[in-house]
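Heads up, the thing below is written out as structure tokens.
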């Protein structure tokens with residue numbers, strides 16, 4: 001692939017998903033339609049990964065997702081949903097189901113906001129599991 005073609009393709013991708021300027025020679029209305037369709041597709045992928053987050057937003061899901069991620073390069077449905085859930089929680093705008101969904105993810109996985117979520121370490125998993133077991137049985141274990 002020639003450098004010129006690769007550069008033009010990179011500009012097109014940036015315009016479609018990362019807020020880049022529209023490249024010369026492309027119809028602006030068609031670019032806008034493609035950009036909107038790709039954003040809806042991303043919202044659908046995040047809704048599949050974070051169903052309670054999407055249900056919590058109801059009919060505003062697409063608009064809420066677009067308001068946050070329009071012009072932001074995609075970085076994965078899991079991480080995008082996690083970031084949106086954390087932001088809404090911090091603003092006090094996260095419903096009960098989505099709060100539970102976020103809490104379950106935070107307990108099972110470590111996500112630093114920059115890299116892919118990864119399973120918590122053995123000690124953290126044991127600690128979370130033992131807390132969950134104690135809450136189910138009402139027992140405080142051998143310390144109580």
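Rule-based calculations on the coordinates, nothing more; no lab input. Predicted, not measured: the structure shown is a model, and the values here were computed from it. Here the Cβ is made from the backbone with ideal geometry for all residues, glycine too, and neighbour counts use every protein chain on show.
Here the residues 59, 115, ranked from fewest to most Cβ neighbours within 10 Å of their Cβ, fall in the order 59, 115. FRET efficiency for the pair residue 5 and residue 66, taken as 1/(1 + (r/R0)^6) with r the Cβ-Cβ distance and R0 = 35 Å, rounds to 0.70. Axis of helix 3-17 versus longest Cα principal axis of the chain: the two differ by about 50°, to the nearest ten degrees.
Over the chain, what is the relative contact order in percent, taking alpha-carbon pairs closer than 8 angstrom and at least six residues apart? Mind dumping the intermediate values first?
Details: 116 pairs, mean separation 25.5, N = 144.
So the answer I get is 18 percent.
Extending 7 Å from Cα along the Cβ direction at residue 48 and again at residue 86 yields two label points whose distance is 2.4 nm. Modelled label positions at residue 36 and residue 111, each set 7 Å beyond Cα in the direction of Cβ, lie 2.8 nm from each other. Under the rule of -39500 (n - 2.57) per DSSP H run of 4 or more residues, summed and divided by the residues of the chain, what mean residue ellipticity at 222 nm is obtained, to the nearest 500 deg cm²/dmol? Calculated at 222 nm, the ellipticity per residue is -21500 deg cm²/dmol.
Pairwise over distinct Cα atoms, reciprocal of the mean inverse distance: report the Kirkwood radius of the chain in Å, one decimal place. All intermediate terms of the calculation are to be shown ahead of the outcome.
Values: mean 1/r = 0.0563 Å⁻¹.
So the Kirkwood estimate lands at 17.8 Å.
Annotation for the range 1-77 versus the range 78-104: alpha-carbon center distance of 21 Å.
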